[in-house]
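Visitor: Below is one structure. I have some questions about it.
FYI, it's all coordinate maths here, none of it is from the lab. This one's a predicted model, so the numbers in the text were calculated from it and none came from an experiment. Backbone-built Cβ (ideal geometry, glycine too); neighbour counts: all protein chains shown.
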Amino acid sequence: MDMLRKWAFEQRAMTAFLFVSSVLTGAMMIGQAYFFVTIVDGVFLKEQSFEDIKPLLWGLLAVMLLRAVLSYLNGRTGVKMASNVKRKVRRMLLEKMTRNPIQSALAGQSGGKVSVMMDAVDEIDSYYSKYIPQVIQTSIVPLMILAVVLYEHVYSGLIMIITAPFIPLFFIIVGMKTKAKSEEQLDKLAAFSGRFLDTLQGLTTLKLFGRAAKQRDLIEQSSLDFRDATMTILKIAFVSTLMLEFISTLSIGLIALEVGLRLVVFESIAFSTAFFVLVLAPEFYLSLKELGSAFHTGRGSMGAAKKVMDELEETEQPVKWGTAEVSIPSIELRNASFQYRDGFSLKNIKATIPPNAQMAIVGQTGSGKTTLLHLIAGLFDPSEGDVLVNGRPRSDYSETAWFDQLSYISQHPYLFSGTIADNIAIGGAKGASRADIEMAAKKAGISDLIKSLENGYDTPIGEAGRGLSGGEKQRIALARAFLKQPSIILFDEPTTGLDLKTERILQQSMAELAKHSTVITVAHRLHTIKNADQILFLKKGEIVASGPHTELMKTSMEYREMVLQQGGTVI
Amino acid sequence: MKDVMVVIKLMMAEKRDILYSILFGVLAGLTSVGLFAMSGYMISKSALAPPLYIITIMTATLKMFGVAKSISRYAERYFSHRATFTILSNLRVSFYEKLVPLAPGIFQKYRSGDLLARIVGDVESLQNFFLRVFYPPIVLVIVFLSTIFFTTYYSIYVALTLFAGLILTGFIVPALFALRQGKIDSQVREERGALSTDVTELLYGFRDLKIYQKLDGKEKQLGKSADLYVDGQEREGIHAVFNQSVNALVALMISWFVLALGAYLVTEGELAGLFLAMLVMISLTVFENATPMALFPAHLEESRHAAARLFSIVEGKSEEEGSSDQLSKEKAYSMEMDGVSYTFLGEKRLTLENIQLNIVAGSKTAIVGPSGSGKSTVLQLLLNMYLADQGDIRLDGSPIDSLAQESIWERTNVVLQENHFFFGTIRENLMIAKDGLTDQEMETALLNVRLDSFSLEDPVFEKGENLSGGEKQRMAIARAMLKGAHVWLLDEPTSSIDAVTEKQIYDQLFEAAKDDTLILVSHRLTGLETMDQIIVMEKGSVIESGTFDELMNKKGYFYEMKQIEKSVLL
Ligand SMILES: Nc1ncnc2c1ncn2[C@@H]1O[C@H](COP(=O)(O)OP(=O)(O)O)[C@@H](O)[C@H]1O
Ligand SMILES: Nc1ncnc2c1ncn2[C@@H]1O[C@H](COP(=O)(O)OP(=O)(O)O)[C@@H](O)[C@H]1O
Ligand SMILES: [Mg+2]
Ligand SMILES: [Mg+2]
């Protein structure tokens, strides 16, 4: 992957250092072999005294020390490079994740996305901590060794030149497969993560349907799939190491034979030269072999990088925004349409919403009420037609300015893991005071409950927090709207889960809000609907009737039927 | 350490692979020492101009050693990794199994992203336990002792040096590092957990974060967590590189010492010069096995920590046993609560107080009351999801704690206030209801809840995010209807459904539940006239109960609520 290499060479100082330290390491290897051979030669054949070889011993010690220091510095540089890239990549992923339009954010499994963020990025690590340092080292050290061997004994050098290319050739072939396999492995891990997280969320449901045990089998299957994918990659790695070892032992054997024959039969070289060559030959092949396994890990990282890139490159049409500021808005939907990816569509919506209007959206379930609110809220762009704010397309306005004017209590508000106060404060501008939060809670009719709790507003809720009843959750979310006094409020079935008595308490605060803002409510309950200035009656994504209650009662059969149903018997 | 024992126990299931790993590990270690010893010996021997055939034989043996070494190394890797990844796979499953009985209470203590980090990240990091902590020391000691034994034939001093080297690189240096290891590692695991948790929450709460324009802030915060995690890994990585370099240096020093000592002995005439190269080669090779020991403490610490993080969640609470009685399959059962009180964990206030309920088999009961009065909690107690603190609950006349939980769930059709839908298709989500459902049955169920516009292949996003609120509720009702049990517990099943559709669905539902016991929690009072019993709850107590007419005549709480409803309907 070009990106990975680019990121490596962007870190110029570090790569330069790796080059320098590789040259030094090569020198140390040769030095170590030289001292070692000379010492053995000295005492074994030349019958030197211990005093004679002492300086050589000290030299060897120094070389070894330097070699260790270099290996530390090399490793450390690799780790640092990897960290820099991982930081960068995670930031890019995060940016992409938070910029995603809402639709693509909801598609796919969360666990899988978490896995890309965690596991795939971590997998990139070894490209920098192992592969790059090794590539640099292997592009230098074997050449240095070769040069020395050629100088000392040409024929061994020639054997090296002839045999060496087999090694890279071989691992290139193997590496090809690795990349695809490692993508597969990460896919399996993502699938496992996705399945596990989804199962975790639905564990109660699964238990109630007696499926927890069945699901265990699925989890086990995902888990085994991941194991198998991992093993496939490892097997490739092991087989390739095995092959490389065969090639290198064979080559070293050839060299040994050649050197041995010359030494014993032809007596054409000195023992020290022969020994020197024989000590250097394994280092030569080792370096190539290590590149082999580093190459393997590197290819694995490339697979991971590809996953990350796929995630980053997925082009999404983000909702368009401009820079204009928003004042108290009037909103107009002019023949606006919207379609989910070849699914449900809102067609040709026409509506005018003057400032401070009280609007209700009604319709059967699935008729597109929530979708319409999303469209008005600016979570979607219309595919055709326009959403006009004060006569200009909504896309002219700045996103922040727009959302500063707007509160949207969605149908399934999410409670974040945090205190009650935090959860309410999220609805307002930064730095809402505790008094404001308490006031908002009071208006939402939830303050009595909160006060009854031991830690009051500091009680943790959401995941890893205290559980709440359905209606209580709803009211916490409502408090978010009361905290901010926006000029447009969108409520999606704000009173589901609430009894009439609690709802009546709320009604008052809502009426108060409505004095200074446009309120658009999706509702099923008649009393909410009746008070609206205007009702949009949706059916299958189209507005089939609109107007105030009394008018609709006269003009729309379907509307009348719905109203009668509420007053009449249900069961 | 206790948690590590759990891992070891799981590991023992792979006994054979473990034995193979050790066996081939030793073989690989010995052959590679042999290989280098031979080559050192051979070259020295050649210098003394031996007959050609000796060289030929030695070269051939060398080849054999080489091949044997490569193959054993391959086998060792293969078996040890196969064992490891099988162990990890089993570990994940066993973690899940232990998690199941803890739901739903567990979610008040742990966040799902955190649990995900544990089952993926912590389990993954346990791979080092087997690969680096458990068996390599065994291999190391065997290879070393054999090598040392071999060298005693040539020089007892060299053998002693090697032994000292083993102690130094295998034990003392790692032990010193263990002291330094400190908490570096545990922090990384925690940081990983934090990042995974935050990313998960970002995804789950995306819509609200978007609406409240908190995404930028979240991005910054997550960026920081991510950096912290990478910083931790970096520290850990550099630490590892350092330890390894130091241990490698110590090993080199020992080989240097062997060389110096050997050279001295040769000059003193106590060792034949012929063997010097061989001994040094042996030393250089055998210590290659010891260098990785530098990471032993880090890996041990990491494994210990990961195991502890994994099992701290699930430990202790084994499933309640002993209750194995089954409810009858064919008929509706009765439900009674007698003086039941319940308090959620960590609450000071009673959630339910002295509840009396008598639900006759085959009857239809409605529970009404303000939000937070305990309606859902009553249903959960009847499902034995929580155990009452006081009082008796009897299903079909048997105390609830004598019944197997699964048997209760199997015999009830439940629609919760919030129902989960899985990533997949409509079919997959409906199939959960029962084994062996046909497409036909599922399509009929969809029709019954007016969802016939959907096909079974239609995709369902995670948490049913591509379904409208009412569609999700109807899907849940369809799923309950498919299950076909004879007791129904319905918790505000139609709160997001318009009145017209609601009526149609209730008609179907009550037809299907004609002879069954049914409890319905509802905020809509219209239509409750036909119920056999209405239970009114407030603040955790039952304040009224009776038929619609009885309650209206009583002019109590229910009557008052009914008046409110009337007033808003006018
Ligand atoms: N993200 C989505 N992708 C595809 N289809 C969707 C998505 N969200 C909702 N829908 C479909 O759009 C239709 C309208 O949904 P919605 O606006 O939520 O209805 P409601 O009127 O009940 O609020 C439904 O049939 C629903 O299945
Ligand atoms: N997991 C929990 N931990 C502590 N308190 C809870 C938990 N779940 C619900 N509660 C509290 O118990 C009371 C009853 O809740 P619930 O039965 O859900 O009410 P509802 O009648 O609305 O269904 C509420 O006050 C709620 O705050
Ligand atoms: Mg909706
Ligand atoms: Mg409830």
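Visitor: In vacuo Debye scattering of segment A:25-150, one point per C-alpha: log10 I(q)/I(0) at q = 0.09, 0.16 Å⁻¹?
Guide: -0.49, -0.88
Visitor: Output the 0 to 90 degree angle, nearest 10, between the alpha-carbon long axis of helix A:154-163 and the longest principal axis computed from the alpha carbons of chain A.
Guide: For A:154-163 against chain A, the angle is about 30 degrees.
Visitor: Separate question: Can you find, among A:PRO282, A:LEU373, B:GLN473, the residue sitting farthest towards the positive end of the charge dipole of the protein assembly as shown, where Lys and Arg contribute +1 and Asp and Glu -1 at Cβ?
Guide: A:PRO282
Visitor: How big is the dipole moment of the protein assembly as shown about its Cα centre under a simple scheme where the beta carbon of each Lys and Arg is +1, that of each Asp and Glu is -1, and everything else is neutral? Debye, nearest 20, please.
Guide: Roughly 1700 debye for the protein assembly as shown.
Visitor: Radius of gyration and Dmax for chain A's Cα atoms, expressed in Å?
Guide: Rg, Dmax (Cα atoms, Å): 36.0, 121.
Visitor: Taking all pairs of different Cα atoms in segment A:1-62, averaging 1/r and flipping that mean, what Kirkwood radius in angstroms comes out?
Guide: 14.2 Å
Visitor: Moving on. Taking Cα atoms, how many degrees apart are the long axis of helix A:271-313 and the longest axis of chain A, rounded to 10 and kept between 0 and 90?
Guide: 10 degrees
Visitor: Run the dipole for segment A:454-571 about the Cα centre, Lys and Arg Cβ at +1, Asp and Glu Cβ at -1, nothing else charged, and hand back the magnitude in debye, nearest 20.
Guide: Using Cβ point charges on Lys, Arg, Asp and Glu, segment A:454-571 gives about 200 debye.
Visitor: Also, quick follow-up: Taking every Cα atom in chain B, find the radius of gyration and the maximum pairwise distance Dmax, and write them in Å.
Guide: Computed over the Cα atoms of chain B, radius of gyration and Dmax are 35.4, 122 Å.
Visitor: Let me ask another. Based on alpha-carbon positions alone, could you give the equivalent ellipsoid semi-axes of segment A:73-216 from the gyration tensor, as √(5λ), descending, whole Å?
Guide: After diagonalising the Cα gyration tensor, the semi-axes are 47, 19, 12 Å.
Visitor: Specify which residue in the list A:ILE233, A:VAL174, A:ILE162 is farthest towards the positive end of the charge dipole of segment A:154-268, using unit charges on the beta carbon of Lys, Arg (+1) and Asp, Glu (-1), about the Cα centre.
Guide: Of the candidates, A:ILE233 comes out farthest on the positive side.
Visitor: Separate question: Which one, B:LEU381, A:SER330, B:GLN187, projects farthest toward the positive side of the charge dipole computed for the protein assembly as shown from Cβ point charges (K/R +1, D/E -1)?
Guide: Value computed over the given set: B:GLN187.
Visitor: Using square roots of five times the C-alpha gyration tensor eigenvalues, list the equivalent-ellipsoid semi-axes of segment B:337-450 in whole Å, biggest first.
Guide: So the equivalent ellipsoid measures 31, 17, 15 Å along its semi-axes.
Visitor: Another one. Which distance in Å, rounded to a whole number, links the C-alpha centroids of segment B:220-240 and segment A:235-281?
Guide: Taking the Cα centre of each part, segment B:220-240 and segment A:235-281 sit 44 Å apart.
Visitor: Still on this structure, I have one more. Would you please put A:203-211, A:157-165 in order of how densely packed they are, using the mean number of other Cβ atoms within 10 angstrom per residue and starting with the highest?
Guide: Order by mean packing, descending: A:203-211, A:157-165.
Visitor: Then there is this: Looking only at other chains, what is the average number of their beta-carbon atoms within 10 angstrom of each beta-carbon in A:496-507?
Guide: Other-chain Cβ atoms within 10 Å of each residue's Cβ, averaged: 6.
Visitor: Ranked from highest to lowest mean number of other Cβ atoms within 10 Å per residue, what is the order of the peptides B:66-77, B:49-60, B:429-440?
Guide: Per-residue mean Cβ counts within 10 Å order the peptides as B:66-77, B:429-440, B:49-60.
Visitor: Between segment B:245-308 and segment A:82-112, what's the alpha-carbon centroid distance in Å?
Guide: Between the Cα centre of segment B:245-308 and that of segment A:82-112, the gap is 46 Å.
Visitor: Sticking with this structure for a sec: Give me the inter-chain shielding for B:232-242: mean count of other chain Cβ atoms within 10 Å, whole number please.
Guide: 5
Visitor: What are the membrane-span-like helices in chain B by this rule: whole DSSP H runs, Cα extent along the axis at least 24 Å, mean Kyte-Doolittle hydropathy at least -1.0?
Guide: Membrane-span-like by this criterion, though nothing is claimed about a membrane: B:15-47, B:52-99, B:184-204, B:215-267, B:296-314.
Visitor: Please list B:103-112, A:438-447, A:557-566 highest first by mean number of surrounding beta-carbon atoms within 10 Å per residue.
Guide: Ranked by mean Cβ neighbours within 10 Å, highest first: A:438-447, B:103-112, A:557-566.
Visitor: Right, here's the next one. Given Cα pairs under 8 Å that are at least 6 residues apart, what percent is the relative contact order of chain B?
Guide: Result for chain B is 14 percent.
Visitor: Return the average number of partner chain Cβ atoms within 10 angstrom of each residue Cβ along peptide B:266-273.
Guide: 4
Visitor: I would also like to ask the following. If you rank B:TRP256, A:TRP321 by fewest surrounding Cβ atoms within 10 Å, what's the result?
Guide: Listing B:TRP256, A:TRP321 from fewest to most nearby Cβ atoms yields A:TRP321, B:TRP256.
Visitor: Kirkwood hydrodynamic radius for segment A:154-268: how many Å is it when counted over pairs of different Cα atoms?
Guide: 18.2 Å
Visitor: A further question follows. Rounding to the nearest 20 debye, state how big the charge dipole of chain B is about its Cα centre with +1 on each Lys and Arg Cβ and -1 on each Asp and Glu Cβ.
Guide: The calculated dipole for chain B is roughly 2220 debye.
Visitor: Take the Cα atoms of the protein assembly as shown, build their convex hull, and give its volume per residue in Å³.
Guide: In the protein assembly as shown, the Cα hull volume divided by residue count equals 176 Å³.
Visitor: Here's a follow-up. Can you give me the orientation-averaged projected area of the convex hull built on the Cα atoms of segment A:458-571, in nm²?
Guide: Mean shadow area of the hull around the Cα atoms is 9.5 nm².
Visitor: Compute the acute angle (0 to 90°) between the alpha-carbon long axis of helix A:12-44 and the principal axis of greatest extent of the alpha-carbon atoms of chain A; round to the nearest 10°.
Guide: Helix A:12-44 sits at roughly 30 degrees to that axis.
Visitor: Still on this model: Jot down the per residue volume, in cubic angstrom and as a whole number, of the convex hull over the alpha-carbon atoms of segment B:1-155.
Guide: 128 Å³
Visitor: If the viscosity is 1.002 mPa s and the temperature 20 °C, what translational diffusion coefficient in µm²/s does Stokes-Einstein give for segment A:343-541 when Rh comes from Kirkwood over Cα pairs?
Guide: The estimated diffusion coefficient comes to 122 µm²/s.
Visitor: Now, a different point. Would you order B:VAL123, A:VAL148 from fewest to most other beta-carbon atoms within 10 Å of each residue's own beta-carbon?
Guide: Fewest-to-most ranking of B:VAL123, A:VAL148: A:VAL148, B:VAL123.
Visitor: Okay, moving on. Bin width 5 Å, origin at 0, all Cα-Cα pairs of segment B:416-570: what percent of pairs per bin?
Guide: 2, 8, 17, 19, 18, 13, 9, 7, 5, 2, 0
Visitor: Moving on to the next point. Given the rule -39500 (n - 2.57) for each run of at least 4 DSSP H residues, summed and divided by the residues of the protein assembly as shown, what is its mean residue ellipticity at 222 nm, to the nearest 500 deg cm²/dmol?
Guide: Value at 222 nm, helices only: -20000 deg cm²/dmol.
Visitor: Right, something else. How high is the relative contact order of chain A? Use alpha-carbon pairs under 8 Å, at least six apart in sequence, and give a whole percent.
Guide: Result for chain A is 14 percent.
Visitor: Do me a favour and compute the ellipsoid semi-axes for segment A:338-458 from its Cα gyration tensor, root of five times each eigenvalue, largest one first, whole Å.
Guide: Listed largest to smallest, the semi-axes of segment A:338-458 are 33, 17, 14 Å.
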